[in-house]
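Data block below; observations after.
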Amino acid sequence: MAQADALQRTPASIDVSDPRLYQDDTWRPLFARLRQDDPVHYCEASPFGPYWSVTRYDDIFEVELDHHNYSSSAELGGIQIMDQPLGQEFANFIRMDPPGHTAHRRTVAPIVAPSNLAHLESLIRQRTADVLDALPRNETFDWAERVSTDLTNMMLATLFDFPWADRGRLTWWSDVAIANVDAPDAVVHSSAERIAELTSMGAYFRKLWDARAAAPPAFDLISMLAHSEATRHLQAREFIGTMALLIVGGNDTTRNSMTAGLMALVENPDQFHLLRSRPELIPSLVSEIIRYHTPVLHMRRTARNDVELAGRRIARGDKVVMWYISGNRDDGKIDRADEFIIDRNKPRQHLAFGAGIHRCVGDRLAEQQIRILWEEILRRDLRFEIVAPPQRLYSNFIRGIRSLPVRIMV
Ligand code: HEM
C-alpha cells in the first residue's frame, strides 16, 4: 500500500492484519497513522474477526504487565490474532496464565541460565567460524539458508540434544508450525496437513522423551521436561505444543534477526563503517538489529474483564493485539525510531522480546548468538553486497525473511 493511500484512509477502515503488508514490507505508514490518530484502534471486521490494535510503546507495556486483565490462555484464543481452531489447540506455556505458566516456564529456564550460556559460548563461536569460513567468496549464495538457518538449527539441536543427522527436521517443523496455510508458497496448505506434520513431530519427540525419562536427568530440554514434576505427564497435544513452542521460539526469531541484521548494515553503510571503527558497539548493535527488525510482529491477549486502555473501553472477551512492530517504531518513546542507529543511549529499550511474565525466556541466548556472529564477521573483515531483494514471509505473526541473495566481496 502506498503511503498516500494509507494517509487518505480513515483510521476506522485500517486493518493491519493483512499478511501481505509484511510480505511486501508496506506496513509503516499504516502504523504511523494509527499511533498518531487512533493508538488503541478497533477494527470491526477482519478475516480474523474484530480486534483491537495497541500500537504505542507505553500502551503495549501496560497490556503486557497486566496479565490479570489480559489473558494468554489457549481456551480464550491464545496468543495470535488468528484463533487456534477449537478442539485443535496445541496448548503450551506461552498460551497459559499463572499458575500453570509459572511452573512450566521454570522447568526450561535453566537451559538459558547465565552459567549455561557461558558454557555454550565456545561451541557457538566454533560453529559460527566454521559456517563463515565455508561460505563462497565472490559468488552469490543465500545468507538466510547458509548462515541464519544453519546456525540457529545447530543451536536448537544442541538444546534438545537432538539426533544430529536429523536436525534439518527441526527447521521444517518450525516452518510448518508458523505457516499461513493460505499463502501460495506455504509449506503446508491446510490445518489438517499441519496437524498431520505436527503429530508426526510428536511421535518423533515422544521416542526421545521416553528414552530420556528412563535415563538419569540430563541437561537438555527434553530431559528437563521429562523429569520435571510440572511437565512429566503432559498430554499428547500439550506435549506437541510445548515442543513446537521451543522450536519456533529458538529458531525463527533468531534466524530472521541474523538475516535482517546483515541487510540493515549493508543498507546503512555509515553504520557499518562506525561498527568497524568501534567494534565495542557490537552488543548495542545486536539490540538495535532485534528492535529494528522485530521478528515477532505481534502477540495477542484476550480481555478477561471490561477494562480501559488509553481512554478506550475494551469489553470482556475482546481480542487485543499488541503490535511490537509498531511499538518499536514509536517516536514518542524511541528517538528517530525509523532509523537504524547502532550507538543508541538505551539500546535495550525495545519490545521485540515482549515484557512481563511471558517476556522471552531465550532473549540472552539469542543476543549471544547474534553477538558472536558479528564478532566473527568483523574478525574476518567480510564485506557484502546484496545481490537481489529479500523474499519475505507471508505472515502477520513472524516477520520472516525466506531468502537473501548476497555476495562476499574479496
Ligand atoms: C531475536 C530472537 C527472539 C525474539 C525476538 C523472541 C521474541 C519473543 C517474544 C515476543 C515472546 C513473547 C513475549 C510476551 O508475550 O511478552 C517470546 C517468548 C518466548 N520465547 Fe522468544 N524470542 C527470541 C528468541 C528465543 C530463543 C532463542 C528461545 C529459546 C531458546 C526463545 C523461547 C521463547 C519461549 C519459550 C517463550 C515463551 C515464554 C513464556 O511464555 O513465558 N525465544 N519470545
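The values are calculated or read from the model by the stated rules, or taken from the named source; none is laboratory data. Just so we're clear, the structure is a prediction, and the values are computed from it rather than from any experiment. All Cβ positions, glycine included, derive from the backbone under ideal geometry; neighbour counts span all protein chains shown.
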List pairs: first residue in the range 8-20 and closer than 12 Å to ASP182 by Cβ, second residue at pLDDT 95 or above and of a type in the set (A, V, I, L, M, F, W, C) anywhere in the structure, Cβ distance under 7 angstrom, at least six positions apart or on different chains. none
Residue pairs meeting the criteria (Cβ under 7 Å; at least 6 apart or on separate chains; first among the charged types (D, E, K, R), in the range 53-73; second within 15 Å of the ligand (Cβ to nearest atom)): ARG56/GLY327; GLU64/MET322; GLU64/GLY354; GLU64/ALA355; GLU64/GLY356
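Quick grid of which residues meet (1) at pLDDT 95 or above; (2) touching a Gly at 6+ places or on another chain (Cβ under 7 Å); (3) within 15 Å of the ligand (Cβ to nearest atom); (4) under 20 Å from ARG316 (Cβ atoms):
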position: ARG35; (1), (2), (3), (4): yes, no, no, no
position: VAL40; (1), (2), (3), (4): yes, no, no, yes
position: ARG56; (1), (2), (3), (4): yes, yes, no, no
position: ASP59; (1), (2), (3), (4): yes, no, yes, yes
position: GLU64; (1), (2), (3), (4): yes, yes, yes, yes
position: GLY78; (1), (2), (3), (4): no, no, yes, yes
position: ASP83; (1), (2), (3), (4): no, yes, no, yes
position: LEU86; (1), (2), (3), (4): no, no, no, yes
position: ALA91; (1), (2), (3), (4): no, yes, yes, no
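Any residue at all in the range 372-385 that's closer than 25 Å to ALA179 by Cα and either within 12 Å of the ligand (Cβ to nearest atom) or within 21 Å of the chain's Cα centre (by Cα) (or both)? Spell out the reasoning first.
Step one: filter the range 372-385 for residues closer than 25 Å to ALA179 by Cα, giving none.
The answer is no, given that none of the residues of the range 372-385 is closer than 25 Å to ALA179 by Cα and either within 12 Å of the ligand (Cβ to nearest atom) or within 21 Å of the chain's Cα centre (by Cα) (or both).
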Regarding the range 280-303, can at least one residue be identified that is aromatic (Phe, Trp, Tyr), away from the ligand (no atom under 16 Å from the Cβ) and closer than 27 Å to LEU393 by Cβ? no
With the condition kept exactly as written, say whether any residue in the range 127-137 is among the small types (Gly, Ala, Ser), more than 20 Å from the chain's Cα centre (by Cα) and surrounded by 13 or more Cβ atoms within 10 Å (Cβ to Cβ). yes
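Tell me, yes or no, whether the range 125-136 has at least one residue that is within 14 Å of the ligand (Cβ to nearest atom) and either within 16 Å of GLU367 (Cα to Cα) or among the acidic types (Asp, Glu) (or both). Steps first, answer last, please.
To start, the set of residues in the range 125-136 that are within 14 Å of the ligand (Cβ to nearest atom) comprises none.
Looking through the range 125-136, none of the residues is within 14 Å of the ligand (Cβ to nearest atom) and either within 16 Å of GLU367 (Cα to Cα) or among the acidic types (Asp, Glu) (or both).
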Within the range 92-99, can one find any residue that is without any contact (Cβ under 8 Å) to a residue 24 or more places away in the chain and out of contact with any Pro (no Cβ under 9 Å at 6 or more places or on another chain)? yes
Of the conditions (1) closer than 20 Å to ARG95 by Cα; (2) within 16 Å of the ligand (Cβ to nearest atom); (3) basic (Lys, Arg), the single one that ARG316 does not satisfy is (2)
Any idea how many residues of the range 170-226 are in contact with a Lys or Arg (Cβ under 8 Å, 6 or more places away or on another chain), buried (at least 16 other Cβ atoms within 10 Å of the Cβ) and modelled with pLDDT under 90? 2
Checking ARG276, ARG344 in turn, the sole residue that is away from the ligand (no atom under 16 Å from the Cβ) and buried (at least 17 other Cβ atoms within 10 Å of the Cβ) turns out to be ARG344
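Go over the candidates VAL176, VAL147, VAL187 one by one and state the one that is within 20 Å of the chain's Cα centre (by Cα), of a type in the set (Val, Ile, Thr) and within 16 Å of the ligand (Cβ to nearest atom). Even if it seems obvious, please write down each step before you answer.
Values: VAL176 fails: within 16 Å of the ligand (Cβ to nearest atom); VAL187 fails: within 16 Å of the ligand (Cβ to nearest atom).
Being within 20 Å of the chain's Cα centre (by Cα), of a type in the set (Val, Ile, Thr) and within 16 Å of the ligand (Cβ to nearest atom) holds for just one of VAL176, VAL147, VAL187, which is VAL147.
Matching residues to (1) farther than 20 Å from GLY249 by Cβ; (2) of a type outside the set (A, V, I, L, M, F, W, C):
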{"residue": "ALA157", "(1), (2)": "no, no"}
{"residue": "SER174", "(1), (2)": "no, yes"}
{"residue": "HIS189", "(1), (2)": "yes, yes"}
{"residue": "ALA203", "(1), (2)": "yes, no"}
{"residue": "LEU208", "(1), (2)": "no, no"}
{"residue": "ALA214", "(1), (2)": "yes, no"}
{"residue": "ILE222", "(1), (2)": "no, no"}
